[in-house]
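S.K.: Dumping the structure here so I can ask a few things about it.
Please treat every number below as a calculation from the coordinates, not as lab data. Computed from a prediction, not measured in an experiment: that's the story for all the values here. Ideal geometry is used to build each Cβ from the backbone, glycine not excepted, and the neighbour counts take in all protein chains shown.
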Amino acid sequence: VRKAEARAAARRERERQWAALMERKPDDGHEDPSDAAAIRAAEARMGDWKLKTDEGFVVPEHLRIDADKKRRQMVLLEESVHAVRMGFNERLLALRDLKRRILTTIAADKARIRAINRELGLGDEDL
């Protein structure tokens, strides 16, 4: 019996709180001036946005995608990929040539050091 009384008391308390909340509720016709001003400002800035789901929506000619436009786009992309590959190959070949020049210079320097070591009577173990 105690549980039933506790639940009934809790229910009465919730009903009292609900009634107090409903007394504070504004009328259905009430409109907050700051909210109304914000809505008007947003609508003024929004412009004429058409939804794609609207039945009357028509895609403008300059935004329509057709096979010719896609073909042109693919050709441009292929040219771009080709240019990137050519640039990469040029840089790679330049690095290869630089490496060859550096190795040639190092070999010449080592030969010069060996010649100097021979003149001084030193061994080549440090090279």
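S.K.: For segment 48-69, which residues satisfy the criterion of being among the β-branched types (Val, Ile, Thr) and within 26 Å of the chain's Cα centre (by Cα)? Explain how you work it out, then say what you get.
M.R.: Taking segment 48-69 as the starting set, the residues that turn out to be among the β-branched types (Val, Ile, Thr) are 53, 58-59, 65.
Scanning segment 48-69 gives a single hit, Ile65.
S.K.: Next question, about the same structure. Residue under question is Leu21, and the condition is that it be among the hydrophobic types (A, V, I, L, M, F, W, C) and part of a helix (DSSP H, G or I); does it hold? I'd like the intermediate steps shown before the answer.
M.R.: Details: among the hydrophobic types (A, V, I, L, M, F, W, C): yes; part of a helix (DSSP H, G or I): yes.
Against the criterion (among the hydrophobic types (A, V, I, L, M, F, W, C) and part of a helix (DSSP H, G or I)), Leu21 qualifies.
S.K.: Hey, among Leu76, Leu51, which residue is assigned to a loop (DSSP other than H, G, I, E, B) and among the aliphatic types (A, V, I, L, M)? Write out each step before concluding.
M.R.: Values: Leu76 fails: assigned to a loop (DSSP other than H, G, I, E, B).
The unique qualifying residue is Leu51.
S.K.: In the set Leu122, Leu95, Leu103, which member is among the aliphatic types (A, V, I, L, M), free of Cβ contacts under 8 Å to residues at least 24 places away in the same chain and not in a helix (DSSP H, G or I)? Steps first, answer last, please.
M.R.: Working: Leu95 fails: not in a helix (DSSP H, G or I); Leu103 fails: not in a helix (DSSP H, G or I).
Going through Leu122, Leu95, Leu103 in turn, just one is among the aliphatic types (A, V, I, L, M), free of Cβ contacts under 8 Å to residues at least 24 places away in the same chain and not in a helix (DSSP H, G or I): Leu122.
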